[in-house]
1. When the residues of the range A:296-318 are narrowed to those that are surrounded by 13 or more Cβ atoms within 10 Å (Cβ to Cβ) and within 27 Å of B:Ser160 (Cβ to Cβ), which ends up modelled with the lowest pLDDT?
2. Filter the range B:64-80 for residues that are of a type in the set (A, V, I, L, M) and either within 9 Å of chain A (Cβ to nearest Cβ) or free of Cβ contacts under 8 Å to residues at least 40 places away in the same chain (or both) and give the result.
3. Please specify each residue of the range A:155-204 satisfying the condition of being out of contact with any Pro (no Cβ under 8 Å at 6 or more places or on another chain), in a helix (DSSP H, G or I) and within 22 Å of B:Ser59 (Cβ to Cβ).
4. Can you tell me which residue among A:Ala247, A:Ala214, A:Ala232 is assigned to a helix (DSSP H, G or I) and crowded, with 18+ Cβ neighbours inside 10 Å?
5. I'd like the residue in the range B:81-106 that is more than 10 Å from chain A (Cβ to nearest Cβ) and farther than 13 Å from A:Pro118 by Cα and, out of all such residues, is nearest to the chain's Cα centre (by Cα).
6. All but one of (1) touching a residue at least 40 places away in the same chain (Cβ under 8 Å); (2) buried (at least 19 other Cβ atoms within 10 Å of the Cβ); (3) part of a helix (DSSP H, G or I) hold for B:Ser160; which doesn't?
7. Which of the residues belonging to the range A:8-55 are more than 23 Å from A:Ile221 (Cβ to Cβ) and of a type in the set (Ser, Thr, Tyr)?
8. For the range A:24-38, give me each residue that is of a type in the set (Phe, Trp, Tyr) and either under 12 Å from A:Pro263 (Cα atoms) or touching a Cys at 6+ places or on another chain (Cβ under 7 Å) (or both).
Amino acid sequence: MNTESLQKLYTEMLLVRRFDELCLSLKTRDQIYSGYHPYEGQEAVAVGFSGLLNKQDILLSTHRPHGHAVAKGVPVESVLTEMMGRQTGCSGGLGGGMQYLDIEHNFYCGSIVGSNLPIATGFGMAIKQQKLDRVCMCMFGDGASNTGAFHEALNLAAIWKLPILFVCENNQYAEAMPAREFVSCERISMRARGYGLEEITVDGNDVEATRRVAADLLARIRTGEGPFLVEARTYRLRGHYVGDPEATYRTREEVDAWRAKDPLLRTRTTLLNDGVDASGLEALDQTIKAKLTALEAWALEQPFPTLEQSIDHVTIPLTQQGGCACL
Amino acid sequence: MSVITYGEAIRQAYREEMLRDKNVCLMGEDVGRWGSLYRSSKGLLEEFGPEQVKDTPISEAAIAGCAVGCAALGMRPIAEIMYIDFITIAMDVMVNHAAKWPQLSNGKLKLPIVFKTQGGAGRRNSSQHSQSLENWFVNVPGLIVVMPATPYDVKGLLKSAIRDDNPVVFIEHKALYFEKGEVPDEEYLIPLGKAEVKRAGSDVTIIATSWMVLFALKAAAQLQQEGISCEVVDPRTLWPLDKQTLVQSVKKTGLCLVVTEAPEEGGWSGEASSVIHEHCFSTLKKPVKRHCSIRTGIPYGPVLERQIVPGDESIMKAVRELVKGV
């Protein structure tokens, strides 16, 4: 990858990292109300994979969605204010940090582990049947690969040959449960074989690798191949949620060893070796931070949703269709 | 008018809607080659092809999930769950996604899905193939719940459910597929959320759902000979509930019996009873009475099955107790 392209990916990862840090800070100030699922350390997966999607492509994400959303191009302000429960959020502040939709940007996420995989089959089926120039990407974690929904979806997608890229973002832990103990095979990608699919594994902390694999697989899907399942092996540098009892399931030494493999650190080192000026990267960081600081100030001023908003769209009234005369 | 079966009425509804709109598709276990368990989609795979009629693996979560995804891209899927007992596998998608996404989209996303299934006893299938689980869905905001009892109703309501932009849980009854009834030859729709007075009467109102409507009508005919005039009201849609039609009837008769196949505890029968108490308190001569299945798993043999589930004779007994106090 040339230096210019790599620097672009680095910039995107930096935005995701700084956004995550802003959310952490907001969480500690009670401006994010639910449990917050930090994304630090996994940026090369979001940027490498979901960052390659077009606006019209479908992205189904998880309970740890903000990195994927920002990388896909869902406006940062609507993701941030959704997490803060404000009207300007992409779900009007009704969803919060782990379940929101942006219909215009074709982004969907939810907080039930594994349940986006079956839904992906429907998007894939509609895309294929209607011959749309779109693809569907479904992100999930190591934990989701142990659900029944994973199996049902992979099998259906495989027999119907649907245009879906299933991306298993293996961050090594399902809450506190280590994949090495709770996943029955050495690599989750091995499960692809059971559905007649290729076994594809990528270093999820190497953004050049994730982007290369994503580009290759999406190109193949767009020409009628698919589905594919890829496992991106990465590491969740922070707890499952802010303040989880980390000492019960992993050691400080283990986390530190992965910190040395931080995808931003790695990419930065490569860029510096390629002759990129360190002060230029620093200036870039300052620009992103300044933007986010301004965004935060704006976000804190945004109104909260009304009671009417939370009720209005639950059911399209049948009275408009000649039905129900409720008292 | 033609006399057709409930199953044939369903087939006609599918066919008319698939002809009208290519986005309408049916997916589920054995809906294609077999034409569904009770042949209610017989011949449709041959007529419409696999894009509109899709056999799926035994994967209820994937069937329901597939419906949500393709509906989000403009299709109008009918996702068939062969037995309502299997719907437990599909519940996550239905309850956590289909019922939530339209709200989370602030009305920008419509999910015109029919989750179609069949429930109830009557075919001696024991406790994992005979349940009445409709109550679960009535309690989930965002879902519409329909339970048609006659060929006329099932056709008109299914066509409306397919055209409705909300996710609809459409629950047929396995004991009804071969029941016959009159259905107009010309096209018609029955609006969702409209109850119907199936038999007019003056002494007591029987509110009954699905298979129980047939027993209530039989009981009413018998009781007429004993001098008790029963009005039988079928809500047809459990939610949203046409409270007005129910309340009007009870305001006239002053007595009300609610009959459901689901056990009464925590069920829709309690909702119906509560609506009547809230709106008819001053005209009620006695508290609303409920007559529902005994709270147990449906037993296998035909004798016990009939003893657990209400029938015409047990309904007659319940009405007599309500009217005469015996």
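1. A:Leu318
2. First pass over the range B:64-80, keeping only residues of a type in the set (A, V, I, L, M): B:64, B:67-68, B:71-73, B:75, B:78-79.
The answer is B:Ala64, B:Ala67, B:Val68, B:Ala71, B:Ala72, B:Leu73, B:Met75.
3. If the condition is that a residue be out of contact with any Pro (no Cβ under 8 Å at 6 or more places or on another chain), in a helix (DSSP H, G or I) and within 22 Å of B:Ser59 (Cβ to Cβ), then A:Ile188, A:Ser189, A:Met190, A:Arg191, A:Ala192, A:Arg193, A:Gly194, A:Tyr195 are the ones that fit.
4. Values: A:Ala247 fails: crowded, with 18+ Cβ neighbours inside 10 Å; A:Ala232 fails: assigned to a helix (DSSP H, G or I).
Only one candidate passes the filter, namely A:Ala214.
5. Only one residue tops the list, namely B:Ile84.
6. Looking at each condition in turn, B:Ser160 falls short on (1).
7. A:Tyr10, A:Thr11, A:Ser25, A:Thr28, A:Tyr33, A:Ser34, A:Tyr36, A:Tyr39
8. Narrowing the range A:24-38 to residues of a type in the set (Phe, Trp, Tyr): A:33, A:36.
Residue satisfying the conditions is A:Tyr36 alone.
The values are calculated or read from the model by the stated rules, or taken from the named source; none is laboratory data. Remember, predicted model here, so these are calculated numbers, not experimental data. Cβ: placed from backbone, ideal geometry, glycine included. Neighbour counts: every protein chain shown.
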